[in-house]
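Have a look at the structure below, then the notes.
The values are calculated or read from the model by the stated rules, or taken from the named source; none is laboratory data. Predicted model, so just to flag it, every value in this text is computed and none were measured. Backbone-built Cβ (ideal geometry, glycine too); neighbour counts: all protein chains shown. Calculation scope for accessible area: heavy atoms of the full protein, side chains included, ligands and nucleic acids excluded. Shrake-Rupley method; radii C 1.70, N 1.55, O 1.52, S 1.80 Å.
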Amino acid sequence: MDFRVLGPVSVIAGDGAPLDIGPHQQRAVLALCMLAAPRPVGAAAMMDELWEGEPPPRALNTLQAYVSKLRRVLEPGRSRATPPAVLVSRPGGYALDIPARDLDLGRVRGYAA
């Protein structure tokens, strides 16, 4: 997959087809992870960004739903019993576990081998 954060946030599958990564806020969750990759982004930081410092009462549930939907898009064949391999949970939050060469920002920074 090719993750793109420079320009419109998008993910391109290996066959060249763009993936439907969802509505604005869901895309923003993925963008935050792309910008921080490979470091995790905490749920509180994401909620502050998504709702400009004023998250609604069920913001954490909404954030978790966005992550769940993104995981289904990024790993469509993964069973619920199998831990995610792309958008992962780590101490400190959510992170993209992808090679730097799969992220346009990583390639620009010169991390690709």
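Details
- Residues that are open to solvent by less than 20 Å² (accessible area, probe 1.4 Å) and either modelled with pLDDT under 95 or part of a helix (DSSP H, G or I) (or both) within the stretch 58-102 comprise Ala59, Leu63, Val67, Leu70, Leu74, listed in sequence order.
- Test: residue in the stretch 7-27 that is polar (S, T, N, Q) and touching a strand residue (DSSP E or B) at 6+ places or on another chain (Cβ under 6 Å): yes
- Scan the stretch 103-113 for residues that are open to solvent by less than 40 Å² (accessible area, probe 1.4 Å), assigned to a helix (DSSP H, G or I) and either more than 21 Å from Gly14 (Cβ to Cβ) or aliphatic (A, V, I, L, M) (or both) and the total you get is 1.
- The stretch 6-37, residues that are surrounded by 13 or more Cβ atoms within 10 Å (Cβ to Cβ), in a loop (DSSP other than H, G, I, E, B) and touching a helix residue (DSSP H, G or I) at 6+ places or on another chain (Cβ under 8 Å): Val9, Leu19, Ile21, Gly22, Ala37
- For the stretch 44-57, a tally of residues being of a type outside the set (A, V, I, L, M) and either closer than 22 Å to Ile12 by Cα or part of a helix (DSSP H, G or I) (or both) returns 2.
- Leu50 being surrounded by fewer than 16 Cβ atoms within 10 Å (Cβ to Cβ), closer than 23 Å to Asp104 by Cα, out of contact with any Pro (no Cβ under 7 Å at 6 or more places or on another chain) and not polar (S, T, N, Q): no
- Scoring Gly77 on the criteria (1) in contact (Cβ under 8 Å) with a residue 12 or more places away in the chain; (2) out of contact with any Gly (no Cβ under 8 Å at 6 or more places or on another chain) leaves a single failure, condition (1).
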